[in-house]
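First up is the structure itself, then whatever we jot down about it.
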Amino acid sequence: MKDFYKVLGVRQNATLAEIKRAYREKVKLLHPDSSGTQSHSAEFNDVVQAYRVLSDSRQRSIFDESVISNIFRKKNKSGEFNYYNWLSERQDQESRAKLIFYTLMHHKEDEAVAEFKRMQTNHADFSLKKWFTREDFMDYGYILAEELVIRGEYYDAIVLLEDIIKMEYSYEYFYIFFPEVMEFTLNILKKNIDGVISDELALDTYERALELGFGKSADSFFLKKMSEEYSRLGDYETAQICLKESQKLA
């Protein structure tokens with residue numbers, strides 16, 4: 001199998017944005033309609049195949065595992081360098097963050113989720129986004145959030161998705177999959193918080209949601225749920241305030 005990274009002319013840890021940019025540039029040069037010749041047809045097909053594999057996170061992971069893993073290997077006295085073992089033995093936050101995404105993309109989802117929760121619990125300042133590019137954090141962070149939801153870890157999923165959404169708002173343009181992230185997050189907020197997690201965590205979740213720009217209708221929903229949570233906790237005065245604010249937005 002060809003080295004698809006070399007075909008596109010990108011580094012092995014290239015971001016999705018870099019892969020897309022390289023693909024567009026190659027296609028412009030090699031497409032028969034642009035070049036006016038059929039002599040590059042085989043090379044053009046290789047570029048298309050490379051993009052199809054490397055732009056899909058799952059296919060790229062399989063490709064890395066089966067073909068490109070030797071790029072990360074080094075010889076030492078005990079034999080071949082094992083990147084997974086090397087990350088596992090290190091305790092600094094950067095290595096643990098990379099271990100989370102590495103295991104996530106190498107079919108060790110349970111391990112990735114467990115390590116993420118362990119780091120969240122034991123290190124108040126732990127943040128995945130600190131160690132990755134915007135594109136990688138959004139892509140892999142979203143996949144990790146999906147795995148958290150599958151396991152019923154809704155609060156942790158919302159905290160992670162909050163980081164993704166706020167990062168996107170810090171840029172002048174939105175990432176292509178941003179609407180999907182917003183829809184996924186809103187669905188969790190509407191279906192998997194009230195009556196599922198504790199009242200205290202639910203309140204915190206809805207308060208976070210008010211800062212994420214879902215719009216008046218969604219904010220009205222969050223405030224109404226906050227009113228219900230405060231009522232259950234016995235804080236009827238705050239419950240009324242939230243209810244009135246909800247009604248203003250309805």
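The values are calculated or read from the model by the stated rules, or taken from the named source; none is laboratory data. All values reported here derive from a predicted model rather than from experimental measurement. Note that each Cβ is placed from the backbone with ideal geometry, even for glycine, and that neighbours are counted across all protein chains shown. Ligands, DNA and RNA are excluded from the accessible area calculation, which covers all protein heavy atoms including side chains. Shrake-Rupley method; radii C 1.70, N 1.55, O 1.52, S 1.80 Å.
List of remarks:
- Among residues that are under 31 Å from the mean Cα position of the chain (by Cα), of a type in the set (Gly, Ala, Ser) and open to solvent by 30 Å² or more (accessible area, probe 1.4 Å), residue 234 is not included.
- Residue that is modelled with the lowest pLDDT [pool: residues in the stretch 1-54 that are buried (at least 16 other Cβ atoms within 10 Å of the Cβ) and among the small types (Gly, Ala, Ser)]: 14
- Residues within the stretch 143-173 that are open to solvent by 60 Å² or more (accessible area, probe 1.4 Å), among the charged types (D, E, K, R) and within 23 Å of residue 106 (Cβ to Cβ), tallied: 2
- Residue in the stretch 149-169 that is in a loop (DSSP other than H, G, I, E, B), among the hydroxyl-bearing types (Ser, Thr, Tyr), within 19 Å of the chain's Cα centre (by Cα) and modelled with pLDDT under 95 present: no
- Total residues in the stretch 207-225, condition hydrophobic (A, V, I, L, M, F, W, C), in a helix (DSSP H, G or I), open to solvent by 40 Å² or more (accessible area, probe 1.4 Å) and touching a helix residue (DSSP H, G or I) at 6+ places or on another chain (Cβ under 6 Å): 0
- Pairs where the first residue, in the stretch 176-195, is more than 17 Å from residue 143 (Cβ to Cβ) and the second is assigned to a loop (DSSP other than H, G, I, E, B) and open to solvent by 10 Å² or more (accessible area, probe 1.4 Å), C-beta under 7 Å, 6+ apart: 186/214
- Some residue of the stretch 87-96 being within 13 Å of the chain's Cα centre (by Cα) and either closer than 15 Å to residue 156 by Cβ or at pLDDT below 90 (or both): no
- Pairs where the first residue, in the stretch 226-250, is in a helix (DSSP H, G or I) and the second is at pLDDT below 95 and acidic (Asp, Glu), C-beta under 7 Å, 6+ apart: 229/199; 232/199
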